[in-house]
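The values are calculated or read from the model by the stated rules, or taken from the named source; none is laboratory data. In this text the structure is predicted, and so the values were computed from the model without any measurement. Quick reminder, even Gly has a Cβ in these numbers, built from the backbone with ideal geometry, and neighbours come from all protein chains shown. For the accessible areas, the whole protein counts, side chains as well, though only heavy atoms, and no ligand, DNA or RNA atoms are used. Shrake-Rupley method; radii C 1.70, N 1.55, O 1.52, S 1.80 Å.
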Amino acid sequence: ASLSGREHAVEGFFDAPKPPSASAKRAREEEEEAEEQAKRAREEMEEAGDEEEEEEEEEEDRAAQLDRMLEEAEPVEVMDLQQLRRLLTSLDRKVLKNQEMRVRHADDASKFMESEIELFDELNKLQALATAPELYAEFVKLQGVSKVTELMDHDNVDVALAAVELVHELTDPEALEESEAAGIQALVDGLVDNAALELLVRFLGKLDESEEDGKQGVYNILAVFENLSELQPSALEAVCERTDLIDWLFKRLKIKGFDQNKLYSSEVLSILCQGSNVTQKKVGENEGMDRLLQLVAPWKKKDPPGEEEGELVQNIFNVICSALMVPENQEALVEGEGIELMVIVMQNRRFAARCALRVLDFAMLRNTAACERFVGAMGLKTLFPAFMKPSSLCISKSKEARQAQREDDEHILSIISSLLLRLGGENHARVVSKFVENGFEKVDRLMELHEKYYKRVQQATNNDGEDDDDDDEQTPEERRYLRRLDNGLFTLQHIDVTIAFLLTEEIEGIDSRVGMILRQNGGDLTEVLETIEEYGKNIGDNDEQRKGQSDAVDMKEVLKDLEAFLAYNVKE
């Protein structure tokens, strides 16, 4: 019996369910997980299918809506001369009718409102002329410009804004072609002769940007000025001279906060200053340089919150750089402690640091007082770390900041060459000593930059010009020179001028260091000599630029002296 009990016990043991082994447990878990994943995949596919169906339905709805809009839209008529004459005749009638109604019902605006709506509609119809710029000359002959100009001064702001919008559309460069140059010129001349541009400036002062129509009106007027900067820049010079446009732009930029018209105002001011000595001088009048410094001062310790705000800041710095092409503005910047402000901006290493570097480059060009102020403001402590490592200039790691580093070499080396050229005595010695300290590390960096840019320029020199435009009016030699400039010739010239200046100091160890590095790279001092010879041949006399400067330095004479010194050393 006991045996039988044991047998039953053994039987029971084998028949009882066994605890799962670890491998079996893992297998089941994996199986369950696979089933769960498959379930989720099916659900996702079903959801994706539903989304695709919804997208298809939305696409069908959009297509149907577009079809309805096209069916309901009025057909666009192609403007021809006959239609233009009809529209201008109709506009004349509407203008006369409106004038009569205004005189007859001067005390009751409701009585002449309908005539002004008709006038507004007639101006909008004329926008079709923008599709036929070949008719611009005829439009001017038919007194169309004078009629539109008169309406820009209409008592009803809506009518005046419609006239402004028409001018905006007609002057849009994207809608114009070179083949219609005669008609475009006639249109611009008509606007100038009828004082339309002066009227636009006066209109700016009347518009209320708190209202949407006023905001759009300001935008359209600024757009007209931008358009004319491409079509006929000289017309804008006269406007800046005769009107308060520059003053209005300054006031608009001073308003706190950010909006699109503030950004556009900065763009237009920057455009007006580019290449126009007249406008550059105008910007500097009435403490203009101080006003510009006040506009950029808030950004010395902080970054703009967005890309568009950053563009605004850059535009204002561009205006400063353009204005500094005028010697009087350079002096005003120095007197207004602009050099010290730019050094502070660089020291803080924020977004505006590279902008400040550019301003310092323009400020110290041909200006000894600016160079002395820079050294006195401890600018060397910021400049030379940036020379050794350009990325240290700005802590921003944005894509734009990395791309901007390519320009840093040019501005830093231009500043260094200005300092060596213009400073004397203790200040000059302080600059030179920077190249001697720490075992000539800055001389090594200078020679590294020479090798980098010399190779780039040589590569551009050897380029056979496959990318050149055959229709270009430039000579092959001019195209070659521009290719070399694009590849860093200007920076190389500043590098080699700095090398030559250091060699003239006759400091023990510099000449041997320079010669050794040149030989290691397979070259010699002839490379530096050739660069300076070419620099001297291509540099202008700068009589206009030096006019009014008591500390004028003849760069051509300096280059001749450096060339003679290097030629002697090459022979030796």
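Quick grid of which residues meet (1) under 27 Å from residue 310 (Cα atoms); (2) within 27 Å of the chain's Cα centre (by Cα); (3) not polar (S, T, N, Q):
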position	(1), (2), (3)
155	no, no, yes
164	no, yes, yes
188	no, yes, yes
194	no, no, no
234	no, yes, no
Selection count, segment 228-266, where residues are open to solvent by 30 Å² or more (accessible area, probe 1.4 Å), within 25 Å of residue 170 (Cβ to Cβ) and of a type in the set (Phe, Trp, Tyr): 1
So in segment 270-289, with the set limited to residues that are part of a helix (DSSP H, G or I) and open to solvent by 60 Å² or more (accessible area, probe 1.4 Å), which one is modelled with the highest pLDDT? 281
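Here's the yes/no breakdown for (1) surrounded by 13 or more Cβ atoms within 10 Å (Cβ to Cβ); (2) part of a helix (DSSP H, G or I); (3) of a type in the set (Gly, Ala, Ser); (4) at pLDDT below 90:
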| site | (1), (2), (3), (4) |
| --- | --- |
| 71 | no, yes, no, yes |
| 78 | no, no, no, yes |
| 82 | no, yes, no, no |
| 86 | no, yes, no, no |
| 96 | no, yes, no, no |
Considering every residue within segment 297-305, establish whether at least one is of a type in the set (A, V, I, L, M), surrounded by fewer than 20 Cβ atoms within 10 Å (Cβ to Cβ) and under 22 Å from residue 342 (Cβ atoms). yes
Since residue 121 meets every condition but one in (1) farther than 21 Å from residue 170 by Cα; (2) exposed (fewer than 14 other Cβ atoms within 10 Å of the Cβ), which condition does it not meet? (1)
Could you go through segment 323-340 and let me know if any residue there is β-branched (Val, Ile, Thr), in a helix (DSSP H, G or I), within 25 Å of residue 257 (Cβ to Cβ) and touching a residue at least 24 places away in the same chain (Cβ under 8 Å). no
Would you point out the residue of segment 166-186, among those that are buried (at least 18 other Cβ atoms within 10 Å of the Cβ) and part of a loop (DSSP other than H, G, I, E, B), that is modelled with the highest pLDDT? 171
When residue 195 is run through (1) at positive phi; (2) open to solvent by less than 20 Å² (accessible area, probe 1.4 Å), the failure sits at (2)
Of the residues in segment 345-372, those that are under 20 Å from residue 427 (Cβ atoms), outside any helix (DSSP H, G or I) and out of contact with any Pro (no Cβ under 8 Å at 6 or more places or on another chain) come to 365
Elements of type helices (runs of 4 or more DSSP H) in segment 195-269, at least 1 residues being within 22 Å of residue 133 (Cβ to Cβ): 196-206, 212-231, 233-242
Taking residue 110 as the residue in question, decide whether it is touching a Lys or Arg at 6+ places or on another chain (Cβ under 9 Å), in a helix (DSSP H, G or I) and at pLDDT below 95. no
In segment 149-167, how many residues are closer than 23 Å to residue 237 by Cβ and in contact with a Phe, Trp or Tyr (Cβ under 9 Å, 6 or more places away or on another chain)? 2
Take the residues in segment 134-158 that are open to solvent by 70 Å² or more (accessible area, probe 1.4 Å) and not in a helix (DSSP H, G or I), then tell me which one is nearest to residue 224 (Cα to Cα). 153
Quick one: residue 516 ticks every box in (1) open to solvent by 60 Å² or more (accessible area, probe 1.4 Å); (2) at pLDDT below 85; (3) of a type in the set (A, V, I, L, M, F, W, C) bar one, so which box is it? (2)
